[in-house]
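Asks: Have a look at this one before I ask anything.
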Amino acid sequence: MHEIKASMAGNVWKIVVEAGETVEAGQDVVILESMKMEIPISTESKGIVKEIKVEEGSFVNEGDVLITLEA
Amino acid sequence: MRKILIANRGEIASRIIRTCKELGILTVAIYSEADKEAPFVSQADEAYLLGAPRVEESYMDMDKVFEIANQSGAEAIHPGYGFFSENAAFAKRCKEEGITFIGPSPEVIAKMGNKIEARLLMKQAGMPVVPGTDQAVESAEEAVEAAEKIGYPVMLKAAAGGGGIGMVSAANREECVKAFASNSERAKRFFGDGSMFVEKKIENARHIEVQIIADDNGNVIHLFDRECSIQRRNQKVIEEAVSPFLSEQTRNEICMSAVNAAKSIGYVNAGTFEFIADEQENFYFLEMNTRIQVEHPVTEEVTGIDIVQEQLNVARGKAILIDQSEVKRIGHAIEARIYAEDPHTFFPSPGKITTLIVPEMENLRNEVAVVEDYTVTPFYDPMIAKVIARGENREEACDALIAGLEKWQIEGIKTNKQMVLDILKSAEFKDGNTTTDFVAKYYLPNSKK
């Protein structure tokens, strides 16, 4: 299991994957927004999206788990 | 004009309040729950709570803003920068509500807010524009065709993009095909539209801009230029007036081109023409900001002209207070923006400011949005202060800014203060090598985590 975490505090602006989808290493999965900055969060490894732990519009802190991946 | 509502927050709200106080005009602040403790709220004569911290529920809630404007009896609204400042619908609503909008007409805001229309209008006004496509390209083949007409290197920009997402450079045909595919795919995912614009990439570029003020009688003056090339994430960090790069001949040409363009579009109020300049001092129009800008203080410091006062004056239908021949520039001014962010990753750093010491020094101007014990939230722009220094020349201004920033103390959150100091102290900055790739070229390679 691999966890994709927030690299900064902010709001979840967009979730660009769906549960069950296969993602490649380097692929953007979530876009965070904080202080007018949009940061795409990408996965470091290939896997299947197991769980999306946040919703668009929700607030996350740095280090919070956004998505879990199954290898 | 007896009472003005300020539809903004932070340092620009404080800045507008200061001039209004000097002119004996009453001010109305509006604020979100997150800004309850912000200085501008207590500085205004009246303050009204808008709502929740998110901008949609506070500063961008147009109905609420007008409800408060009417309730408070404000005769005019100053929009500052950001939020509604370049929103034609807001300016139009002001007209409908019988409130003076301190800015240009809704028609001009709309025209200059549309990048394609602004580009065409400026071309018609005889302004040089960056060579590029006037319409979006839909395929890699079209992108290559356009790039080969323009000449490499080019920039591919997502038509629906913004904020730096969706901008890729290409040096040849192969890179152009690759860049279109990856960028278009990304733009589709992010913005639902994969079309691209192709523009000539200006290398070793400088970001130069010209401040103008125009009145209802067709008078337009310029207040010279600023250079704002030092940026991170395509957002300015250090600005100065005037540009250390431009020759007097080019300065005169660029300033007059801005004046003529403002006249050609019937512009009224303060505005800024933004240009990109290459190594040979060829300059190209980028866009027009139809509002006051963050970096206006450097122009005020070298010309002695209060731009907010001029805005209020022309909004009342009066003639500009000063003639072009009376606009003199004395010395040099440099501004540093203090951001609540990690200076290495440039990621935002919200949190509570536990210590804040702002030095009072000769030749130093502090425009501060925060106080000690204030909590910087993730809801708004990361800029929390501007520090502006002036001197008889660039070196003196730079030394004064370094001295001021070294006395600035801010703790509890990460800021870019040290980054700014490192840049100001660098040989490259002192030599005036202030190209738009400065941070990537000189700062990041030497930056230590």
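Where a number appears in this text, it was derived from the coordinates with a stated rule and is not lab data. The model shown is predicted, which means the values in this text are computed figures rather than measured ones. Note that each Cβ is placed from the backbone with ideal geometry, even for glycine, and that neighbours are counted across all protein chains shown.
Asks: Using a 10 Å cut-off on Cβ atoms, rank the peptides B:45-55, B:412-422, A:57-67 from the highest mean neighbour count down.
Replies: On the way: B:45-55: 17.1, B:412-422: 20.1, A:57-67: 15.5.
Per-residue Cβ counts within 10 Å, averaged per peptide and sorted highest first, yield B:412-422, B:45-55, A:57-67.
Asks: I would also like to ask the following. For peptide B:379-385, how many partner chain Cβ atoms fall within 10 Å of a residue's Cβ, on average?
Replies: Counting Cβ atoms of other protein chains within 10 Å of each residue's Cβ and averaging gives 3.
Asks: Let me ask another. Please report the base-10 log of the normalised intensity I(q)/I(0) for segment B:193-237, using a Debye sum with one equal scatterer per alpha carbon and no solvent, at each q in 0.15, 0.28, 0.30, 0.32 (1/Å).
Replies: Relative scattering, expressed as log10 I(q)/I(0), comes to -0.67, -1.02, -1.07, -1.12.
Asks: So what is the 222 nm mean residue ellipticity for chain B from helices alone, if each DSSP H run of at least 4 adds -39500 (n - 2.57) and you divide by all residues, rounding to the nearest 500 deg cm²/dmol?
Replies: After summing the helix terms and dividing by residue count, I get -10000 deg cm²/dmol.
Asks: Further question: To the nearest Å, what is the center-to-center distance of segment B:290-309 and segment B:212-226, using C-alpha atoms only?
Replies: Each part reduced to its Cα centre gives a spacing of 12 Å.
Asks: With unit charges on the beta carbons (Lys and Arg positive, Asp and Glu negative) and the dipole taken about the Cα centre of chain B, which residue among B:ILE77, B:LEU49, B:VAL237 sits farthest to the positive side?
Replies: Most positive-ward Cα: B:LEU49.
Asks: A further question on this structure: Show me the helices of chain B, taken as full DSSP H stretches, that run 18 Å or more along their long axis by Cα and average -0.5 or above in Kyte-Doolittle hydropathy.
Replies: Helices meeting the criterion: B:10-23, B:394-407.
Asks: Taking each residue of B:257-270 in turn, how many C-beta atoms of other protein chains fall within 10 Å of its C-beta, and what is the average?
Replies: Mean shielding by partner chains, rounded to a whole number: 0.
Asks: If you take each beta carbon of peptide A:28-35 and count the beta carbons of other chains within 10 angstrom, what is the mean? Walk me through the intermediate numbers first.
Replies: Numbers: counts 4, 0, 0, 3, 3, 4, 10, 15.
Per-residue shielding by partner chains comes out at 5.
Asks: If you add up the charges near B:THR354, with Lys and Arg at +1 and Asp and Glu at -1, over every other residue whose beta carbon is less than 10 angstrom from its beta carbon, what do you get?
Replies: Residues close to B:THR354 contribute a combined charge of -2.
Asks: Rounded to two decimals, what is Rg over Rh for the protein assembly as shown when you use alpha-carbon atoms and the Kirkwood radius?
Replies: 0.96
Asks: Just the C-alpha atoms of segment B:105-263: what Rg/Rh do they give, with Rh taken as the Kirkwood radius?
Replies: That ratio equals 1.01.
Asks: Find, to one decimal place in angstroms, the Kirkwood hydrodynamic radius of segment B:83-157, where the mean of 1/r is taken over every pair of different Cα atoms and then inverted. Show your work: numbers first, answer last.
Replies: Values: mean 1/r = 0.0675 Å⁻¹.
Hydrodynamic radius (Kirkwood, Cα pairs) of segment B:83-157 is 14.8 Å.
Asks: Where the Cα atoms of segment B:384-438 are projected onto their three principal axes, how long is each span, largest first, in whole Å?
Replies: Extents along the principal axes, in whole Å: 34, 27, 16.
Asks: Would you please state which residues of segment A:21-37 a label at B:GLU174 would reach in this model, taking the label point 7 Å out along Cα→Cβ and a backbone N cut-off of under 17 Å?
Replies: none
Asks: Go ahead and run the numbers for FRET between B:THR355 and B:LYS92, Cβ-Cβ distance against an R0 of 35 Å, rounding to 0.05. Spell out each step's value before the answer.
Replies: Working: r = 45 Å, r/R0 = 1.29.
E(calc), rounded to 0.05, equals 0.20.
Asks: Tell me the Rg and the Dmax, in Å, that the Cα atoms of segment B:12-123 produce.
Replies: Rg and Dmax of segment B:12-123, Cα atoms, are 15.0, 47 Å.
Asks: Give, rounded to the nearest 20 debye, the magnitude of the charge dipole that segment B:334-383 has about its Cα centre when Lys and Arg contribute +1 at Cβ and Asp and Glu contribute -1 at Cβ.
Replies: I would put it at about 120 debye.
Asks: Given that compact globular proteins tend to follow 2.2 N^0.38 Å, what is the ratio of the alpha-carbon Rg of chain B to that value?
Replies: In units of the 2.2 N^0.38 Å rule of thumb, it is 0.97.
Asks: Could you tell me what a quarter of the Cα convex hull surface of segment B:278-432 works out to, in nm² with one decimal place?
Replies: Working: hull surface 47.1 nm².
Computed as one quarter of the Cα hull surface, the answer is 11.8 nm².
Asks: Moving on. Considering only C-alpha atoms, what is the centroid distance from segment A:4-71 to segment B:360-396, in Å?
Replies: 34
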